[in-house]
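K.L.:
Here you go, one structure.
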Amino acid sequence: MKELIETIKEIKNVLISLEFILQEEYNNLLNPETCNNISIILKPIEKKTTLFKKFVILNKDRLSLEKKYSIFAPYKNVNELNDCWSKIIEKIFLLRKFNLKNKILINKRLYLNQYFLELFATHNKAITYNFQGDLKI
């Protein structure tokens with residue numbers, strides 16, 4: 001049972017770390033200086049990837065320990081597990097909100113950049129004539 005408690009606490013810690021990383025990503029997307037630097041934007045994504053891998057591994061361990069001890073979420077019988085599990089559920093809903101905010105910001109930034117690139121491309125392809133009357137593209 002102690003292993004299950006430790007696994008759930010570790011899952012909670014991973015989710016807390018993900019919350020900080022999503023907040024960092026949100027701040028980077030809001031800041032115009034860091035938003036244009038792709039390496040700064042990719043750092044939190046790499047951190048998120050490793051944390052999600054760790055989360056998946058811990059979740060598999062949790063499921064196997066639940067089968068071993070024949071106890072399943074929401075752990076109403078064990079107070080310590082129930083408290084940690086309720087905090088995990090709260091963090092998951094909070095992470096969904098942060099993720100939605102980040103997706104909206106990324107879509108706005110990419111849409112504006114794409115719109116600018118399309119305008120820039122059409123501006124460069126404008127047809128002009130030189131003084132001799134020849135066509136210039």
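The values are calculated or read from the model by the stated rules, or taken from the named source; none is laboratory data. Because the structure is a prediction, the values reported are computed rather than measured. Positions of Cβ are generated from backbone atoms using ideal geometry, with glycine treated the same way; all protein chains shown enter the neighbour counts. Side chains are part of the model used for accessible areas, which takes the heavy atoms of the whole protein and leaves out ligands, DNA and RNA. Shrake-Rupley method; radii C 1.70, N 1.55, O 1.52, S 1.80 Å.
K.L.:
If you take the square roots of the eigenvalues of the alpha-carbon gyration tensor of the range 27-103 and sort them as a ≥ b ≥ c, do you get rounded (a/c under 1.5), prolate (a/b over b/c) or oblate?
P.N.:
Taking the square roots of the gyration eigenvalues as a ≥ b ≥ c, the range 27-103 is prolate.
K.L.:
Can I ask one more? Within the set of other residues whose C-beta is less than 11 Å from the C-beta of Leu29, count the net charge using Lys and Arg as +1 and Asp and Glu as -1.
P.N.:
Overall, the nearby charge balance is +2.
K.L.:
Then there's this: Kindly sort Phe20, Phe93 by accessible area of their heavy atoms, largest first, with the probe set to 1.4 Å.
P.N.:
The residues order as Phe20, Phe93, largest area first.
K.L.:
May I ask for the net charge around Ile89, where only other residues with Cβ less than 13 Å from the Cβ of Ile89 are counted and Lys, Arg are +1 while Asp, Glu are -1?
P.N.:
Net charge around Ile89: +2.
K.L.:
Okay, moving on. Could you please report the charge total around Leu42, scoring K, R as +1 and D, E as -1 over all other residues with beta-carbon less than 11 angstrom from its beta-carbon? Show your work: numbers first, answer last.
P.N.:
Working: positive: Lys43, Lys47, Lys48; negative: Glu25, Glu46.
Once positives and negatives cancel, what remains is +1.
K.L.:
With every protein chain left in place and a probe of 1.4 Å, what is the accessible surface of Asp61, to the nearest 10 Å²?
P.N.:
70 Å²
K.L.:
Right, next: Here is the link list: Lys47/Lys67; Lys43/Lys101; Lys9/Lys76; Lys12/Lys48; Lys76/Lys101. Which ones come out longer than 21 Å on Cα distance?
P.N.:
Working: Lys47/Lys67 31 Å; Lys43/Lys101 18 Å; Lys9/Lys76 16 Å; Lys12/Lys48 15 Å; Lys76/Lys101 33 Å.
Checking Cα-Cα distances, Lys47/Lys67; Lys76/Lys101 exceed 21 Å.
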